[in-house]
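A short reminder: the numbers here are calculations on the coordinates, not readings from a lab. In this text the structure is predicted, and so the values were computed from the model without any measurement. Cβ placement follows ideal geometry from the backbone for every residue including glycine, while neighbour counts extend to all protein chains displayed.
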């Protein structure tokens, strides 16, 4: 399905997200589809959400009031979950964007995926693994904050080839994805297919976490693979294969 026709519902946990990410968040969501619903949940009578109030109108995000009946934020989580299920049953959306660092949304993400909808999760690096892996793709909000406003200093700096090669998990992830998609005769694998395999195996993988804007830059930066650009039809495609030792 083309991204411009993919209908998304965006649900934000105001207690577990910062307003500084909103521009980067919406720009990232636009890569995957069009946000037909944008809602944010919290107790808007409390002063700690004042930062969000300033950006809601500008970005057409609908605030949903949820009073804190008890100490904690369970009421907010419950309201988000109930609304998400209502939207799911309406069968008007192709996917959901859940913005929170809270593991309470793990079962919700799994349930939405069971219905055949795609789930994009957004949260800080502290987000528990069960929620991250329950999503089709999980994006750390730290890399989004680095895109906009005053948080450029928080964006990860590009890691050196030595640092990248020392990351065993990263190296194995790349090697396995290339092997799974490579041509049996030549060993070349198309970058787009490599990215698809990596996303399925590791939903929270993002080249920006290593300081590289795109997967192609990360693969070139690690220095373990040969790359080749090919003209196919009207577009150029990058192919990758393991670098053979020079004799």
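For this structure, a couple of remarks:
- Global form of the chain, assessed from the alpha-carbon gyration tensor, a/c cut-off 1.5: prolate
- In the chain, the DSSP beta bridges split such that about 30 percent are antiparallel, to the nearest 5.
- A protection proxy built from the mean count of other Cβ atoms within 10 Å ranks the segments 102-111, 235-244, most packed first, as 102-111, 235-244.
- Centroid-to-centroid separation of the range 163-238 and the range 77-105 [C-alpha atoms, Å]: 32 Å
- Cα gyration tensor, the range 1-122 - rounded (a/c under 1.5), prolate or oblate: oblate
- Mean residue ellipticity (222 nm) of the chain, computed from DSSP H runs ≥ 4 via -39,500 (n - 2.57), nearest 500: -10500 deg cm²/dmol
- Of 53, 38, the sequence from fewest to most neighbouring Cβ atoms within 10 angstrom is 53, 38.
- Annotation: extensible slack from residue 18 through residue 192 equals 59.5 nm (criterion: 0.36 nm per residue apart, minus Cα-Cα distance).
- The range 179-199 residues near the modelled residue 236 label - backbone nitrogen below 16 Å, point 7 Å along Cα→Cβ: 191-192
- Full-extension gain in nm, residue 171 to residue 244, via 0.36 nm per residue minus C-alpha separation: 24.7 nm
- Two-site FRET efficiency, residue 157 against residue 59, from Cβ-Cβ distance with R₀ of 25 Å, rounded to 0.05: 0.30
- Label positions at residue 185 and residue 85, each projected 7 Å from the Cα along the C-beta direction, are separated by 5.5 nm.
- Length gained on full extension, residue 5 to residue 115: 37.7 nm, using 0.36 nm per residue less the C-alpha separation.
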